[in-house]
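Heads up, the thing below is written out as structure tokens.
The values are calculated or read from the model by the stated rules, or taken from the named source; none is laboratory data. Everything numeric in this text was worked out from a predicted model, so none of it was measured. Here the Cβ positions follow ideal geometry from the backbone for every residue, glycine too, while neighbour counts run over all protein chains shown.
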Amino acid sequence: MSSTQISTSLAVSENGFLFLPTTGETFTVNETGRFILRRLQEGREQQEIISSLIDEFDVEPVDAQRDVLDFIGQLRQYHLTDTQ
Amino acid sequence: MDKKKYERPVILKQQSGLMNKFGSATSTQPMTDIEGVPVAELAAAYGSPLFVLSEKKMRDTQQQCQRIFRSRYPKVQFAWSYKTNYMNAVCSIFHSEGSWAEVVSEFEFDRARHLGVRGEHIIFNGPAKSAAALEKAVRAHSKIHIDHFDELYELIEITTSLGLKADVAIRVNVDVGIYPKWDRFGFNYENGEAREALKRIAASKTLRIVGLHMHIGTYIMSTEPFRVAVSKLVALANWLKQQLAIDLDYIDVGGGLPSHNTLKGQYLQADETLPALEQFADAITAPLFELESHGDAMPTLILESGRALVDGAGYLISTVLAVKRLSDGKRAYVIDAGINLLFTSLWYKHKMVPAQPTGVMREQANIYGPLCMNIDCIQEDASVPALKKGDRVVLMNVGAYTMTQWMQFITFRPAIVLITADGSPHVIRKAESLEYVMSLEEIPPSLRSLSA
Ligand SMILES: Cc1ncc(COP(=O)(O)O)c(C=O)c1O
């Protein structure tokens, strides 16, 4: 399974505020988004993130699977991932 | 250990410095019930999508309108605009509040008669009344609002051959500075056509002029056009009195008052920009006091309000069928209610509220209906909290021009449920079935074997 590289310069605050110094763009992210983002930054595999999401939150496995992929899509949309 | 409450992960880009083009902050309060009946129960019992109407809302709104107008002018009569919503149950509610019927076709005329509306309490408008329909209206002593000269002459012929008299008004179109001009209905005021028509009617032996009618447009967003238009009708009424010694029974100012929906292209919510109903009532009633003496009796003010009375009483329960992302990453939803049910979404941004609690973060999303057609978009760039497949949503202010303008296209038309004043739901129109839809069709004998 793949892992997704997050832009190294992305700064994430504890309250869900994101800042990308290279462009000056700011973002907000909700709790589950922050949970996933933090793990992506740690270099975790997608499957591992999905499992920990299921452990931590009240969510069905299929929903977690779909939503994590969707969230990575959102990050890509905002160019917050490093393209290899 | 209890797990944390889950909300779909969302990341949103902040658009600092820009005005929020999606309008004012709207609350994330879910709408879990309609008039005390849980949305989930309604959908489970009657299916999704589902139109739901509130009797209480209709009555409250109608009574409030009556109070506002009656406190400004002594004689006010409402006439329910059938085309806005002619479900029998809905018409019955407005009739029981004292409203007459305002119809624009033989079909609507027959509906009103079927409900037991007295002929003289039916106002017959429209540019396309058939000879048969006119004859019916004459026999029923309905008030016929003449649209054009051909109709005027036809009506003279019909009444003469029946040996009956008819009470008539003319529809007058006036320039009120609204673009596009609504000059395709009725006789024009400014160019003298309306006076010519009135002279012709006055000269006939069978037609009696009892009123003047206008309807300047729909969803009028300011009060001035009403003031201008009513002033012109009053000037015409005064001319009738002076030149032809005719006292009118009524002045009918039509409909056109806005509902609480927000129009497409409007950034602010309708309620933040529209004048209050009281201000519209001031603009409509003030010029009436310029009417020259009508003996003891002032003419009755007739209002044919449609959307302002019923839009807010209508809800459409729908279900999220899919959560998607478009090629540019934008969020999109497919819901089970489309343009086939909400023709009005072509010009309105119908407010869509989740029917269950959601997170507080909102995304900009396109809301698509279920039709496999590119036109089937309920709203672009709606601001919605994260929803998932199976979630219910409620589309608001959908009581007007939906249940009459909906299409049987690609799929069935759903049931309509009325929550009556005692809080209990009743089906007032069943969901369509394949047998119902196909009951009007025939296959020619030569094709029958092919369908085996
Ligand atoms: C003659 C006439 N009266 C009344 C109405 C009701 O209008 P509204 O829904 O804008 O109040 C209409 C609707 O177009 C109409 O054509």
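Laid out as a table, the results:
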quantity: Where residue B:344 falls short, out of the listed (1) free of Cβ contacts under 8 Å to residues at least 12 places away in the same chain; (2) assigned to a helix (DSSP H, G or I); calculated: (1)
quantity: Among the candidates B:257, B:291, residue that is surrounded by fewer than 19 Cβ atoms within 10 Å (Cβ to Cβ) and not assigned by TED's automatic domain parsing to the domain that holds residue B:366; calculated: B:291
quantity: Helices (runs of 4 or more DSSP H) contained in region A:1-82 and holding at least 3 residues at the interface with another protein chain (Cβ under 7 Å from one of its Cβ atoms); calculated: A:31-41, A:61-77
quantity: Residue count for region B:406-422, restricted to those that are surrounded by 13 or more Cβ atoms within 10 Å (Cβ to Cβ), assigned to a loop (DSSP other than H, G, I, E, B) and either of a type outside the set (Val, Ile, Thr) or outside the structural domain of residue B:346 (by TED's automatic domain parsing) (or both); calculated: 8
quantity: Spans of strands (runs of 3 or more DSSP E) in region B:1-98 with at least 3 residues under 20 Å from the mean Cα position of the chain (by Cα), at pLDDT 95 or above and of a type outside the set (Phe, Trp, Tyr); calculated: B:50-54, B:76-81
quantity: Hits in region B:241-274 - residues which are part of a helix (DSSP H, G or I), at pLDDT 85 or above and either within 16 Å of the ligand (Cβ to nearest atom) or within 14 Å of chain A (Cβ to nearest Cβ) (or both); calculated: none
quantity: Residues of region B:85-103 classified as touching a helix residue (DSSP H, G or I) at 6+ places or on another chain (Cβ under 6 Å) and within 11 Å of the ligand (Cβ to nearest atom), total; calculated: 2
quantity: Residue in region B:316-332 that is among the polar types (S, T, N, Q), surrounded by 15 or more Cβ atoms within 10 Å (Cβ to Cβ), away from the ligand (no atom under 16 Å from the Cβ) and within 30 Å of residue B:189 (Cα to Cα) present; calculated: no
quantity: Checking residue B:136 against (1) assigned to a strand (DSSP E or B); (2) more than 14 Å from the ligand (Cβ to nearest atom), the condition it does not meet; calculated: (1)
quantity: Among (1) within 19 Å of residue B:99 (Cβ to Cβ); (2) of a type in the set (A, V, I, L, M); (3) within 16 Å of the ligand (Cβ to nearest atom), the one test that residue B:115 misses; calculated: (3)
quantity: Residue, nearest to the other protein chains (Cβ to nearest Cβ), within region B:215-225, restricted to residues that are away from the ligand (no atom under 12 Å from the Cβ) and not acidic (Asp, Glu); calculated: B:222
quantity: Selected residue (only one of B:371, B:395 is crowded, with 19+ Cβ neighbours inside 10 Å, away from every other protein chain (no Cβ under 14 Å) and more than 16 Å from the ligand (Cβ to nearest atom)); calculated: B:395
